[in-house]
Each structure stands twice: as structure tokens, then as C-alpha cells.
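The values are calculated or read from the model by the stated rules, or taken from the named source; none is laboratory data. Keep in mind the model is a prediction, meaning the values are calculated, not measured. Backbone-built Cβ (ideal geometry, glycine too); neighbour counts: all protein chains shown.
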Amino acid sequence: MIGVGLMSGTSLDGIDAALVRILPKGASYRIDLLNFATVPFEDELLAQLRAALPPNAGTVKSVADLHHALGEAFADAAVIAASDTQIDYVASHGQTIWHDGDAHTTLQIGDPFAIRERAEATVCYDFRSADCAAGGHGAPLVPYVDALLLAADDEDRVSVNIGGIANLTALPRGVHPADVTAFDSGPGNMLIDAFVRERSAGAVTYDRGGELALRGTPDAHVLETMLRDPYFSQLPPKTTGRERFGAQFLQAHGAALSGLSLEDGVATLTALTVQSLAAAIVQASPEGSRVLLSGGGSHNAAIVSGLQERLAGFRVERSGVMNVHADAKEAVAFAVLGYETLRERAANVPRVTGASHPAVLGAIAPYDLSRLLRKVESECRA
């Protein structure tokens, strides 16, 4: 089966599109990454998206317009990733514009039928709503795939993704997917990006490679104040996003941050990501675990070196050492979740999301669906 997984996260750095060959293999899958692309948002679309996201209050019209425009953008990304390859299905996470896990409310947009028109393939989408309907947070969902693809019988591991928000999946040796521990630790790149963009009046949008943070010094008092946010002491299951760690968080600490240089401010916010993530890893996983980093933050030398320093008893590496592409991992994960939708298999982890029961995730925009389901059945039987 050939599929495309599409992912756009809280960092808003573009749409990740992974072309994969996927085949059932025992209880797991064999995954071959055939192509990967990150397609940046066009400037006008990005501006519209930021204007609709918290703490801004978007109108119904703006959300409807974004749903259409993002569907076209996701379709473009799917076609780019597929190139000349005939694909069987697309699995699209969409773009989260609102998430409140405690209220079991989440919304991802990006018209799946626009994707279907361009890709000429069935589209699996809206993966989070089923878990919310079962009383869960609707997130995180990638831990199920982490367990399938990265758990080992002879080694304790932790899968860590650092996007706009940082999250982790603890994978003690021999763990079953239903028994993993996973949650969002707090901010990843989101606050750093927002601070850099604000200070540079939009001329710079992120701290490339952690260069600014490495030139600065964290302010201990400001850092300690930010670490008092109650989210960090909250016990899992828990998820977070822009609603808590977006522009309003910077505004709440604006007076303290305004007294810092650009470099010292970035270093302080980077230390917030490092310390909250490291504490979560220590809380959730055995000492000596192999920590496998993915996402944009895995390219940030200040974050990586900070984690290595604070996790001296762990082995911190990028996920590529396990043949899991560090930038493509989440797009690949949604390709797997899409296959599970087509198999009608539950793919949430209730102890992670807080759902009352396992749930089949995703909706389907069908394109020659009977043929596709026959192919799925044949592959699973084989």
C-alpha cells in the first residue's frame, strides 16, 4: 500500500508530507519512506492562519475560508510528495485551530475533499474527534505509532517530538502499545519563535540552529517564574497548545522579558523548553533510556545540548539512528493511523488520552473505497 501522511503542527512552519510504502508485519508495520517534503505556507495564508489562532478570535467566515484554503494547500503538499507515484490513500491531520483537552473539544481544518479531488485517492481525516467523543483529550495520538515502530524488547526508549509543543512517549522495554505513557511536556519551539518574531518585527521567524540561545544567558529569576505555571506540575493525562503557551503566555511575562536582550530572552525561553521537557522525561521513563528526538527542535543545538546536560544518565540522539526520519516522523505516524482507520482498528491509547475506551479514529472521504478496502484486506491476510 502506498500512502501519503500530512501533518501541520503548532509551529506553523509548513506542511510535512511523507510518501510511504506500508505493509502489515505481525502486530506492527514495515514502513519505507519513499519521499518527504516540507511545503511552507504562502505568506498570505500564514497571515490569515495566525490571525485566526488564539489569542485572536476568528470569525465563522475566516474559519470557513481557512478550511478551504488549507485544503488546497494540503492537496498541493500531497501531490508534491507523491510526485509521479500512484497513491492508494492520504491521511491528513489537518491544522489545529482550537484544542481544549479538558473540555474534550478540538478542531482541525483543511478540506479533505479538496485533497481527494487533487490526489484522486481516499482521504482519512479528523483523527482526534473520536477520542474526544469517548471522553479523551483527543491527544496525543502519535504514541500508538511510537510503540509500534520504536519500542524494543531489549532497551528502554523515549520518543520525543519537539515542534511548537514538546511531547514524549515513554517506551519501556517490551511495552504493549496500550500501556505506554505519553503527554505534552509544555512548550517546544512556540515561545522561542514568537519572541524572535516579535523582537525582530517579523524579520526573523525562529532561532536557526539555536544560535541566538547559545549566545545568550538564561535569566534564572524569569525562568523560575515561568516554571511555576501550573501545567508543569499537572499529572498526565494532559495536553496543551497555543491556547496556553501562545502569545498570551509571552504577554503575561512580558515585563520581565522586556528587560532582557534578544539573546538572553531566547536563551531563557529555550531553557524553559529544556527544563520542562527534561523533568518530564525523568518523571516518565527509567534512567538510562535512549531518548530519540524528532521535530524541528531536534535541529536546535541549544535544546539538544541542554537536554544532554540535564539528562546525563540518558542517551540523547536524533530518531534517525533508528531509521525514523526526524522531520518526517509525525507525517509518517498519520499515514499509519490512516491505515488503521481503513482496517477499522482502534488506534488511541486511553491511558494516554483519558478516553473511556479504545476508539477507531478518523473519518473517510471515499475514492474507489471498495477497491481500497479489498487491498487492505488482502495485505492483512498475507
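Okay, here's what the table says:
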item: Residue list for region 161-210, filter: out of contact with any helix residue (DSSP H, G or I) (no Cβ under 8 Å at 6 or more places or on another chain) and either in a strand (DSSP E or B) or aliphatic (A, V, I, L, M) (or both); result: Asp184, Ala201, Ala203
item: Residue satisfying condition, being in the same structural domain as Thr353 (by TED's automatic domain parsing), modelled with pLDDT of 95 or more and surrounded by fewer than 23 Cβ atoms within 10 Å (Cβ to Cβ), within set Leu66, Leu33; result: Leu33
item: Residue under evaluation Asp154, criteria (1) acidic (Asp, Glu); (2) assigned by TED's automatic domain parsing to the domain that holds Ala302; (3) touching a residue at least 40 places away in the same chain (Cβ under 8 Å), criterion not met; result: (3)
item: Residue tally, condition of a type in the set (Lys, Arg) and within 22 Å of Gly164 (Cβ to Cβ), over region 1-58; result: 1
item: Candidates Lys329, Lys375 - the one that is at pLDDT 95 or above, under 25 Å from Ala280 (Cα atoms) and not hydrophobic (A, V, I, L, M, F, W, C); result: Lys329
item: Condition check for Thr85: hydroxyl-bearing (Ser, Thr, Tyr), surrounded by fewer than 17 Cβ atoms within 10 Å (Cβ to Cβ) and either out of contact with any His (no Cβ under 7 Å at 6 or more places or on another chain) or assigned to a helix (DSSP H, G or I) (or both); result: yes
item: Residue in region 268-277 that is more than 20 Å from Asp193 (Cα to Cα) and either surrounded by fewer than 18 Cβ atoms within 10 Å (Cβ to Cβ) or of a type in the set (Ser, Thr, Tyr) (or both) present; result: no
item: Any hit, region 122-141, residues being basic (Lys, Arg), under 28 Å from Gln248 (Cα atoms) and free of Cβ contacts under 8 Å to residues at least 24 places away in the same chain; result: no
item: Hey, Gly186 crowded, with 23+ Cβ neighbours inside 10 Å and either on the phi > 0 side of the Ramachandran plot or in the same structural domain as Ala27 (by TED's automatic domain parsing) (or both) or not; result: yes
item: Residue count for region 251-300, restricted to those that are under 22 Å from Asp229 (Cα atoms) and in contact with a strand residue (DSSP E or B) (Cβ under 7 Å, 6 or more places away or on another chain); result: 8
